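Participant: Next up is a structure, given as structure tokens.
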Amino acid sequence: MRITTARRIAQGVFFGLFVWLCIASAVGTGWWQWRGWPIRWFLELDPLVAVGTALTTHSFYPQLGWALAVIVLTLLFGRVFCGWICPFGALHQFTGWLTRKWRRPKQRIDANQYHPAQAWKYAILLSLLIAAASPLRRTAMASLQTGLLDPIPLIHRSVNLAVLSVLGIGSAGERFYSGAGLIGGLFLTFVLLNLAVPRLYCRFVCPLGALLGLIGRLAPWGIGVRKATCTECRLCDLNCEGACQPQGPFHASECLMCMNCLDDCPSEHPVRYLPRPSQGGEIPLPGISRRGFVASVAAGLVAVPLARLNGSTARNWPAGLIRPPGAVAEEEFLARCVKCCECVRVCPTNAVQPAGFEFGWEALWTPALNYRIGTSGCQLDCIACGHACPTGAIRPLSLAEKRGQAPFEDSGPIRIGLASVDRGRCLPWATGRPCIVCQETCPVSPKAITVEEVDQPMEGGGTVHLQRPMVDPARCIGCGVCEHECPLSGVRGIRVVADNETRQLDHAVILHHEK
Amino acid sequence: MNAENPEALTPRREFLRRGLQAAAAVAATGGLAAWLWNRHPPGDFSRQAVFDPRRDFSPRVGGPRMSIATGHDRSRMLDGALKALGGIGRFIAPGDRVMIKVNAAFATPAALAATTHPELAAALVRLCRAAGASSVLVTDNPINDPASCFELTGIGQAVRQAGGDLFLPSTGAFRRGSLPGGKLIRNWPVLNEPFTGITKLIGVTPVKNHQRAGASMTLKNWYGLLGGRRNQFHQDIDGIIVELAMLIRPTFVVLDGTQSMMTNGPTGGSLADLKDTHTLIVSTDPVAADAYGSTLLDKTFRDLPYLVRAAELGLGTADFESLHPIRVEAAPS
């Protein structure tokens, strides 16, 4: 079997596995739903997730141990991950492959020449990592924005929220995602750009590819050329995925280990997989221009401090930003979330949504609860989101901790917000009509919504017996079932904001009387 | 590396070099990962360990514990009241680093008596300086904007002219603390930074009506040492004032009843809210000082549940007469 056949099989298997894990990322009892399937696995493999969170939190989250295997693989063999494992890479390669019939060999060889702009991805990586390390920080922790362009979170987000939903696969067909148009549109754009330039994303944009290029640039084995037999025919460029110029000078960090050059090299096979260095000469890294370097360092340095000038992690915190149960305090959350939207996908009620720009651009595509869009609020006995999170931005809670049951009685249940009645809209309060759906559906016991009983005189004489709802902040956990069920479907008569959320000590509303 | 370059390593040696490099990098990756392994689990608050925020500056030597001066001139009353207790030298020793906690809550003029009078703050600074204090730091975490409060009340300028320093709190000046035995001051930001090196603490505040607490005097004044969203403590105002009494044991307090704010407190806003009560109290027992202060507001300590509870807890005595307060009359200026 040729090595390229093995590579195609690997790409197919990993891509299939990825799609399968996306389909299985749904809470349910079916065998095809999330029943022990390792739905986070590709995210755990991703070294950029591991390195990014290590930079922001000064800690290695044990769940990300698979990333170490990829780093070691890359140190020894180069960007095997890009060419053999990455599902986004496989998609790019497949899309580019579709165009091969339209183009003459000369055009294909020209399209696969190394381009200096391939250095851009290193500039992107540098900016993102500097922002993650954030030496200029005004606050305790830095901001992890690698998820914007990291291909693994990107493809999870896009396939889970846009592709599967549009295709109506599995339970995804009945779900809504705010802002999915942008997520799906960007995904489609990056995929279709392969029709113009093969592997455009991998070559010019991908920060994970850049990281692996840096890690693997001195791998002891790799593609090389034996000068004595090379006729410089350039056929090795015909199907070269990385635009790395196997015949030399070899751009080591750009090689995706697709191995197509080994197939295409004519009879004498001067291009081989060899102990490096290549006799054709090697360029370990594309040169970032001095201006490019300074610009990306500066961008990374100022991005987070600039973003935080709006006070969104301080006094001006967005009250409408309700994070899933188990989410850590906001600064640490922003230091851990990679925007993969696994929590969004697994939420059984579809209440967890990808944030748009409404909570500041730092929070783009991080999870926020929306109690109108889904099928209910945050379910009392559900802890799926924390167990889907690869980085601990949402802690994997036990049900006991979420509910405040033994041994967590002292800390009480996890509160994600606080409901309040809008007496100007609530039917009993504002219109004198009986209702209290909110009180009936409040899932905590004793109920967080109590009622005040009144006999209100009616216009035509007589009285109407009304129960007017009130919220007890000591019991309300912010689950939003009341908001979801309120019969005022436009602007609800009872609404939840993130006041009193447990994760943020300074958002407390009422005095917590410790037992 | 170019094989045609005679200076280059031979391919075999170059391969060995790279192999060793890669092996070292693999080992370094493993070592780094092991070192960082779950050092800070998500949601781990241990990095901001909660401290015991109690501050005890109560005087160690015995002597009279309370004096009540009557008069019109704040500095003379302060002088007289302190002399009655043995002079400032009884409390402040040469080399002491003194903190004065004023009430600078609002950015309003001194004449409205919603804040510590600048003359009184300045007089206190001068007395401490004269007693040999090496530094006198004046601070408060006021309700309105700190810089505006210190300037518009006149406290800032008066203190600087008298040889004191101002400390305006910023977020970083607070540290999360839990009061042992407290129910409210739990994992709460308490002013910490300016206390570094401080050896004596004086509280100085006017007698004021307070809508929620009944009265705001020397115990309520410690509220200005709290940070964070402290306004939620108004849900249990008596509880928090009692905990403040547990939190802070001052060297002494000065309660200024030259004028008392009888209504519309704690902001006041009109001279009509004030009444001349011609009194200034100095005491090492804030509970006793406040109990006397309540009489200036035509109340007794029984009208103020926090004083009753503080006394019950042994944080001071509400029966101020049991301290045999020394009454002095300050000469008119």
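Since every read-out is calculated from the coordinates, none of them should be taken as a lab result. Just so it is clear, the structure is predicted and the values come from calculations on it, not from any experiment. For neighbour counting, all protein chains shown are included, and Cβ atoms are generated from backbone atoms with ideal geometry for every residue, glycine included.
Participant: Against the longest principal axis of chain A, how steep is helix A:3-23, in degrees 0 to 90 to the nearest 10, with axes from Cα atoms?
Facilitator: 0
Participant: Between B:L16 and B:R60, 0.36 nm times their residue separation minus their Cα-Cα distance comes to what? Spell out each step's value before the answer.
Facilitator: Working: separation 44, 0.36 × 44 = 15.84 nm, distance 7.49 nm.
Length gained, B:L16 through B:R60: 8.4 nm.
Participant: How many Cβ atoms of partner chains, on average, are near each residue of B:31-42 if near means within 10 Å of its Cβ?
Facilitator: Numbers: counts 0, 3, 9, 2, 1, 8, 5, 6, 6, 8, 7, 20.
Averaged over the peptide's residues, the number is 6.
Participant: If you don't mind, there's one more thing I want to ask. List the chymotrypsin sites (Phe, Trp or Tyr not before Pro) within region A:344-449 that DSSP assigns to loop and that have no more than 12 neighbouring Cβ atoms inside 10 Å. Provide the component values of the computation, followed by the final result.
Facilitator: Details: sites: A:F357, A:F359, A:W361, A:W365, A:Y371, A:F408, A:W429; in loops: A:F357, A:F359, A:W365, A:Y371, A:F408.
Of the chymotrypsin sites (Phe, Trp or Tyr not before Pro), the ones in loops of region A:344-449 whose Cβ has at most 12 other Cβ atoms within 10 Å are A:F357.
Participant: Let me ask something else. Place a label point 7 angstrom from the Cα of A:I510 along the Cα-to-Cβ direction, then list the residues of region A:397-430 whose backbone nitrogen is under 11 Å away.
Facilitator: A:419
Participant: If I build a Gaussian network model for chain B, linking alpha-carbon pairs within less than 10 angstrom, which residue out of B:K183, B:K83, B:K299 has the largest mean-square fluctuation?
Facilitator: Looking only at B:K183, B:K83, B:K299, the largest GNM fluctuation is found for B:K183.
Participant: Next question. Calculate, in nm to one decimal, what B:A331 and B:A272 gain on full extension: separation in residues at 0.36 nm each, minus their alpha carbon distance. Working shown, then result.
Facilitator: On the way: separation 59, 0.36 × 59 = 21.24 nm, distance 2.66 nm.
Full-extension gain reported as 18.6 nm.
Participant: Using only the alpha-carbon atoms, how far is helix A:290-308 inclined from the longest principal axis of chain A? Give it as 0 to 90 degrees, nearest 10.
Facilitator: 10
Participant: How much net charge surrounds B:V190 when only the other residues with a Cβ under 12 Å from the Cβ of B:V190 are counted, with Lys and Arg +1 and Asp and Glu -1? Write out the running numbers ahead of the final one.
Facilitator: On the way: positive: B:R54, B:R55, B:R175, B:R176, B:R186, B:R230; negative: B:D52, B:E193, B:E243.
Spelling it out: positives minus negatives among the neighbours equals +3.
Participant: What number comes out for the charge environment of B:K101, summing +1 per Lys or Arg and -1 per Asp or Glu over other residues with Cβ under 13 Å away? Spell out each step's value before the answer.
Facilitator: Working: positive: B:R55, B:K200, B:K220, B:R249; negative: B:D140.
Surrounding charge for B:K101 is +3.
Participant: Quick one: if you stick a label point 7 Å off each Cα along the C-beta vector at A:I9 and A:D263, how many nm between them?
Facilitator: 1.4
Participant: Would you mind ranking A:T391, A:T375, B:T258 by Cβ crowding within 10 Å, fewest neighbours first? Each step should come with its number before you reach the end.
Facilitator: Working: A:T391 28, A:T375 14, B:T258 23.
Ordered from fewest to most neighbouring Cβ atoms within 10 Å, A:T391, A:T375, B:T258 come out as A:T375, B:T258, A:T391.
Participant: Report, in deg cm²/dmol and to the nearest 500, the calculated mean residue ellipticity at 222 nm for chain A, where each DSSP H run with n ≥ 4 adds -39500 (n - 2.57) and the sum is divided by the residue count. Walk me through the intermediate numbers first.
Facilitator: Numbers: 19 runs with 173 residues, N = 515.
Value at 222 nm, helices only, nearest 500: -9500 deg cm²/dmol.
Participant: Whole Å is fine, so just give me how far the alpha carbon centre of region A:1-78 lies from that of region A:211-244.
Facilitator: About 26 Å separates the Cα centre of region A:1-78 from the one of region A:211-244.
Participant: Only helical DSSP H runs with n ≥ 4 go in: add -39500 (n - 2.57) per run for chain B, normalise by residue count and round the 222 nm mean residue ellipticity to 500 deg cm²/dmol.
Facilitator: Working: 8 runs with 94 residues, N = 333.
Result for chain B: -8500 deg cm²/dmol, rounded to the nearest 500.
Participant: With the cut-off at 1.5 for a/c, could you classify chain A from its C-alpha gyration tensor as rounded, prolate or oblate?
Facilitator: Numbers: a/c = 2.76, a/b = 2.33, b/c = 1.18.
Since a/c reaches 1.5 and a/b is larger than b/c, the shape of chain A is classed as prolate.
Participant: Here is a further query. What angle, in degrees between 0 and 90 and rounded to the nearest 10, separates the Cα long axis of helix A:66-77 from the longest principal axis of the Cα atoms of chain A?
Facilitator: Relative to chain A, helix A:66-77 is tipped by roughly 10 degrees.
Participant: Still on this structure, I have one more. Taking the Cα-to-Cβ direction at B:A130 and at A:W31 and moving 7 Å from each Cα, how far apart do the two end points lie in nm?
Facilitator: 9.4
Participant: Taking neighbour counts of Cβ atoms within 10 Å as a proxy for exposure, in what order, fewest first, do A:H156, A:H507 appear? Numbers along the way, then the final one.
Facilitator: Values: A:H156 31, A:H507 20.
Taking fewest neighbouring Cβ atoms as first place, the list is A:H507, A:H156.
Participant: Another question about this same structure. Which percent, to the nearest 5, of DSSP beta bridges fully inside the protein assembly as shown are antiparallel?
Facilitator: Details: 43 of 73 bridges.
So the antiparallel bridges in the protein assembly as shown amount to around 60 percent.
Participant: State which helices in chain B qualify, where a helix is a whole DSSP H run, it must extend 24 Å or more along its own axis by its Cα atoms, and its mean Kyte-Doolittle hydropathy must be at least -1.0. Mind showing how you got there, number by number?
Facilitator: On the way: long enough: B:11-36 (37 Å, 0.28).
Qualifying helices, which must be both long enough and hydrophobic enough, are B:11-36.
Participant: Taking beta carbons within 10 Å but only from partner chains, what does the mean come to for residues A:70-76?
Facilitator: Numbers: counts 0, 5, 5, 1, 3, 8, 6.
Other-chain Cβ atoms within 10 Å of each residue's Cβ, averaged: 4.
Participant: Next up: Which FRET efficiency, nearest 0.05, do B:I198 and B:S148 yield, Cβ-Cβ r, R0 30 Å? Spell out each step's value before the answer.
Facilitator: On the way: r = 25 Å, r/R0 = 0.84.
So, using R0 = 30 Å, E works out to roughly 0.75.
Participant: What's the average, rounded to a whole number, of partner chain beta-carbon atoms within 10 Å of each residue's beta-carbon in A:232-242? Mind showing how you got there, number by number?
Facilitator: Numbers: counts 0, 0, 0, 0, 0, 0, 0, 0, 0, 0, 0.
Taking all residues of A:232-242 together, the mean is 0.
Participant: Can you tell me the length gained on complete extension of the stretch B:K183 to B:H324, counting 0.36 nm per residue apart and subtracting the Cα distance?
Facilitator: Working: separation 141, 0.36 × 141 = 50.76 nm, distance 3.38 nm.
The span from B:K183 to B:H324 would gain 47.4 nm if fully extended.
Participant: While we're looking at this one, here's another question. Arrange the peptides B:23-32, B:133-142 so that the one whose residues have, on average, the most other Cβ atoms within 10 Å appears first. Could the numbers behind the result be given before it?
Facilitator: Numbers: B:23-32: 13.4, B:133-142: 23.1.
Per-residue mean Cβ counts within 10 Å order the peptides as B:133-142, B:23-32.
Participant: Further question on the same structure: Sticking with the crude label model, points 7 Å out along Cα→Cβ, report the distance from A:R100 to A:L380 in nm, one decimal please.
Facilitator: 5.9
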